[in-house]
Amino acid sequence: MAVLTCSDMVTQCLEGQPSGWKQFVSEYLPFAATVLDRHFPRLSARRDELLRELLLRVRDEDARFFRDYSGHSEREFLMHLREYVLGVGEEQEAPAPAPEIPLEWDVFDRALTGLSALERQMVWMFLLSPNNDDTDQILRVDPKAVTTLLARAQEGLRAACDRWNPEMLAQNRHLLDQEARARRTKECPAPKVFLRALDGQITWRDREELDRHLAGCWHCVDQFCRFREILFLSRRTQPLPDPETEAYLKVLGIEARPPSRWKCLLGKP
Ligand SMILES: [Zn+2]
């Protein structure tokens, strides 16, 4: 378990205190590794190198990564880290080729009108990560329900588009993601509402209201799905053992262990 609260850790990292960095490395670098593996499987052979680079980058520019964080909970910090890791991974890969058949946002939205909040999440989990087939585990639904729904979504698109192919949805995912992120409305709930819902800490009526909103707002479906992915990945992530933590801290020039008492007494470095 983390010794410091997440916000104390952020403060300590900003102040350059080794204890904050030690916690960031041991508790959160494994999460960064999981995000990299999930979204950039082709980079897995370079994972260690990329994690070292990530560490240097979160420290550099006067620790801008930490200064830019404005959340209030650990999962919001994990979201901040997820987005940062995705940025680092994307830089390493060639830009995604333009979709063979472009999919207009309005066509996508119209074709999938009528899907429930949960059904929209099944579509969006596929868009976030088409190469992983664990949507059923993340959303805690029957795998057959996911397969059936995705086939239904594809049929809806085929009916709505002049030209269609089965790869169209996955190929347009980056453009759809950008559109969804830009479509925040003043009715969209704050992140804490999603987090309370995921913890089962909202009333039945509030949950119904949230589901009604999700059934009409891809912007919130996107955010909710990213939180669900974070929750799923963080539950499967173990802290780094001390020797590995120390090796990563050395990248930052931080000595994790205080000098021994004898070294201090003898005046050795
Ligand atoms: Zn919304």
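The values are calculated or read from the model by the stated rules, or taken from the named source; none is laboratory data. Note that the structure is a prediction, hence the values are computed from the model and not measured. Here the Cβ positions follow ideal geometry from the backbone for every residue, glycine too, while neighbour counts run over all protein chains shown.
Miscellaneous remarks
- Residue list for the stretch 199-236, filter: without any contact (Cβ under 8 Å) to a residue 40 or more places away in the chain and within 23 Å of V35 (Cβ to Cβ): D199, H219, C220, Q223, R235
- L86 meets the conditions (1) closer than 29 Å to P166 by Cα; (2) surrounded by fewer than 20 Cβ atoms within 10 Å (Cβ to Cβ); (3) out of contact with any His (no Cβ under 7 Å at 6 or more places or on another chain) in every case but one. The failed one is (3).
- Selection count, the stretch 34-52, where residues are assigned to a helix (DSSP H, G or I) and either surrounded by 20 or more Cβ atoms within 10 Å (Cβ to Cβ) or touching a residue at least 40 places away in the same chain (Cβ under 8 Å) (or both): 12
- The one condition in (1) under 29 Å from R42 (Cβ atoms); (2) touching a residue at least 12 places away in the same chain (Cβ under 8 Å); (3) under 24 Å from the mean Cα position of the chain (by Cα) that S116 fails to fulfil: (1)
- Within the stretch 148-178, the set of residues being within 23 Å of the chain's Cα centre (by Cα) and either touching a residue at least 12 places away in the same chain (Cβ under 8 Å) or not assigned by TED's automatic domain parsing to the domain that holds R110 (or both) comprises L150, L169, A170, Q171, N172, R173, H174, L175, L176, D177.
- Of the helices (runs of 4 or more DSSP H) contained entirely in the stretch 150-253, those carrying at least 2 residues that are away from the ligand (no atom under 16 Å from the Cβ) fall at 168-171, 173-182, 204-214, 218-235, 242-251.
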